[in-house]
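Novice: One structure is given below, represented as structure tokens, and several questions about it will come after.
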Amino acid sequence: MRLFLQGIVLFSCLLFMLLPAAASCLGSGDDEIEALAKDIGRQPYEALQAIEQALSQGLSLTVERRAWLEAARAQARRMVGLKNTELPQAIEEAKSLPTNHPALLHLQIFNLYGADLSPSTREIIDAMDHKLAQRPADQPATLCLKIRLASVMAYYSSLNGESFELAAKAYLHADTAQLAWMRAEAASVLSQVVLRTDSSYARTFREEALDYFESQAMHDMAANELFMDAMSWAVERDPDSLQIAAEQFRRSGVAAHRANNSFAAAYAEAGLCDMLGQLGRVQEALQSCSASLEQLKGVGHITEYITIINFADVLLADNRPEQAMEMLAPLPKDWPDWASGFNGYRFYHVRGKIHVLLGNAEEAIADLTSALRELRGHESSARARNNRLFQSRFRVDLLEQSLELQTLEAKEREQRNRILLVAGLIVLVLLCVIVITLIRHQRLYRRMAFTDLLTGVANRRYTEVRAQEALEHARARRQPLCIALLDLDQFKTCNDRYGHDAGDEALKRFANVAENVLRPGDLFGRWGGEEFLLVLQSTDRSAATAVLERLRSAAAAEHLALAPDYLLQFSAGIVEFRHGTEQLTELLTMADQALYRAKFEGRNRSCFAL
């Protein structure tokens, strides 16, 4: 049961340790400023000095250039953990620029980092998102602004969907070698957002970002990616994954030292402190906890608070409960706003364990009761009901124990063991609820990325990716392959006569028929409008004809409620690939030409490419 408890604590703590995703690009169009921005990702302290030296030129700077330099300075200060005290004044000075000037927008987005998600903050984020939607999608400045705003939104779990969508747009538009920097930073933000629901999926984005940052010697950005990689392994919770996480935290620290960023190195040590403690490597964990707190002490960030609690937990594992209690003693006074929700639960849980070792029965039960009360306030209503049950059980047990203390100490120990058993069962239930929630979120994001929402089949982007994979597979193994473009006949007439709802019904019914009739290995997706793409693997000309005629017969048997006189028929253009050198785009063009012939020859038929 202890492992289950550690798993949920580790998972939630890591999410609280998560910083806004790093993003250093600006898209200013000025080579000198862009070089400074890239240097921020390499060695932020040195870059900050160079930026401040450039800003010291005073009146010789134009308003625009000063605004860009202030944006670079804001990013550099954030990367090294310094407050952006100059930001309000910089925004005021930049307001003489047009309201949609990218430098001004960068500064305004920077001002959102760390803000509470109040209605006014949400209104500003929505307004900024609307402004960015009006800008040219593939311009470097637009891409960098979208990445920066997505990194702000990634800080709030309630904006996970919006952050994913915005970062994905930047990622998809940064599709040239000249925009590789922006693509890597968009991948970095995507990896952080997806990490909340699917750690393995997050790694695919993170690996792309890390490859670019390491190739450009952007050590600070690489440190951030390695930190996130460590977290993606940590949430797996098994010993092998925790070992990998510890190694990645260590690598993150090495990269941070190369960047001369002691702040980032302290974060890596904080993660290493947690992992080593989970692995039972107490002496190493003590060293990492101590090294982390040397840098984090007094910064006022939640990671300092969590690391202090982790440090106390490791001291407890080292059988030093008095020192552990001394470590926790200042927290209620120094961090009054953090002793609630999950953070409060973690504090009370560790302090309760210390009281158990010190033999303070009543204090231990009181702290563990408080821990569950805070966890109840943090979790969903379903989990809250379980925690209320657990808290009630604690109160009953407290009464029973106080009576038994007067009679027999053995019964007290038995009762405490029973309490721990109930606690483990409750944590197991909570863990199941969390896993179910994560699975639902994972399915949602995959549906958003790969599915056509109207018909429920694969969308064009995902169909094209799968078609390319099928073509490469057929070419490598010298197997036959047929690609067919299908177009519903008289679809416009259906729309004009019966309305668009009837057209939607026709598309959905046809997609449903195809899903039921086609073979398991056949790839089928919506290509656009009333067109669908069908990829038939290991299928020659005659077999492809049989498949399409089977689909044609099944579709013709359908009757539409909203369009009773409309016949669900289609024309198809088919191209057969037989180990040639054609690319997918060429094959699609040939299939499209064959589809045109099928339409010209009277519809409701299939034609092969010549």
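The values are calculated or read from the model by the stated rules, or taken from the named source; none is laboratory data. Note that the structure is a prediction, hence the values are computed from the model and not measured. When we count neighbours, we look across all protein chains shown, and the Cβ atoms used for this are built from the backbone with ideal geometry, even at glycine. Heads up: the accessible areas ignore ligands, DNA and RNA and are worked out on the full protein's heavy atoms, side chains in. Shrake-Rupley method; radii C 1.70, N 1.55, O 1.52, S 1.80 Å.
Novice: Nearest 10 degrees, 0 to 90: what angle lies between the long axis of helix 409-450 and the longest principal axis of the chain (Cα atoms)?
Specialist: With rounding to tens, the tilt is 30 degrees.
Novice: Radius of gyration and Dmax for segment 48-188's Cα atoms, expressed in Å?
Specialist: 15.0, 44
Novice: Here's a follow-up. Can you tell me which of 113-119, 426-432, 253-259 comes out highest on packing, and rank the rest after it, using the mean Cβ neighbours within 10 Å?
Specialist: Result, highest mean Cβ count within 10 Å first: 253-259, 426-432, 113-119.
Novice: Taking only C-alpha pairs under 8 Å that are 6+ residues apart, what is the relative contact order of the chain in percent?
Specialist: The value is 9 percent.
Novice: Still on this structure, please answer the following. Once Lys and Arg get +1 and Asp and Glu get -1 on their Cβ, which of Ala141, His130, Gln490 lies farthest toward the positive end of the dipole of the chain?
Specialist: Positive-most Cα among the choices belongs to Gln490.
Novice: Now for a different question. Got a sec? Charge dipole of the chain, +1 on Cβ for Lys and Arg, -1 for Asp and Glu; which of Leu610, Leu190, Val547 is way out at the positive end?
Specialist: Highest projection toward the positive end goes to Val547.
Novice: On to the next question. Along the positive direction of the dipole of the chain (beta-carbon charges: Lys, Arg +1; Asp, Glu -1; about the Cα centre), which of Ser120, Gln248, Gln278 reaches farthest?
Specialist: Highest projection toward the positive end goes to Gln278.
Novice: Which value, in Å², gives the accessible area per residue of the chain when a 1.4 Å probe is used on the protein heavy atoms?
Specialist: Dividing the accessible area of the chain by its residue count gives 45 Å².
Novice: Expressed as a whole percentage, what fraction of the accessible surface of the chain belongs to carbon and sulfur atoms when a 1.4 Å probe is rolled over the protein heavy atoms?
Specialist: Taking all protein chains in place, the chain shows 52 percent carbon and sulfur surface.
Novice: Oh, and also: Please get the size of the charge dipole for the chain, origin at its Cα centre, with Cβ charges of +1 on Lys and Arg and -1 on Asp and Glu, quoted in debye to the nearest 20.
Specialist: Approximately 1180 debye in magnitude.
Novice: Still on this structure, I have one more. For Lys131, go through the lysines and keep the ones whose alpha-carbon is under 21 Å away, minus same-chain ones fewer than eight residues off.
Specialist: Of all the lysines, those that pass the test against Lys131 - Cα under 21 Å, at least 8 places apart if same chain - are Lys95, Lys146, Lys169.
Novice: A further question follows. Restricting to DSSP H runs of at least four residues, report the calculated mean residue ellipticity at 222 nm for the chain, -39500 (n - 2.57) per run over all residues, nearest 500 deg cm²/dmol.
Specialist: It lands at -23000 deg cm²/dmol.
Novice: Also, I was wondering about something else. Treating the beta-carbon of each Lys and Arg as +1 and of each Asp and Glu as -1, no other charges, what is the dipole magnitude of segment 110-209 about its Cα centre, to the nearest 20 debye?
Specialist: 120
Novice: Mean separation of Cα pairs under 8 Å and 6+ residues apart, divided by the residue count of segment 139-278: what relative contact order is that in percent? Don't jump to the answer; show the numbers that get you there.
Specialist: Values: 190 pairs, mean separation 21.9, N = 140.
Here the relative contact order equals 16 percent.
Novice: Long-range amide H contacts for Thr451: which residues qualify at under 5 Å (H placed 1.01 Å from N, peptide plane, sequence gap of 5 or more or a different chain)?
Specialist: Counting only residues 5 or more places away or on other chains, the set is Asn459.
Novice: Okay, moving on. Just to confirm the number: angle between the C-alpha axis of helix 341-358 and the first principal axis of the chain, 0 to 90 degrees, nearest 10?
Specialist: Approximately 40 degrees, to the nearest 10.
Novice: When the dipole is taken about the Cα centre of segment 246-307, and only Lys, Arg (+1) and Asp, Glu (-1) are charged at their Cβ, what size is it in debye, to the nearest 20?
Specialist: About 140 debye.
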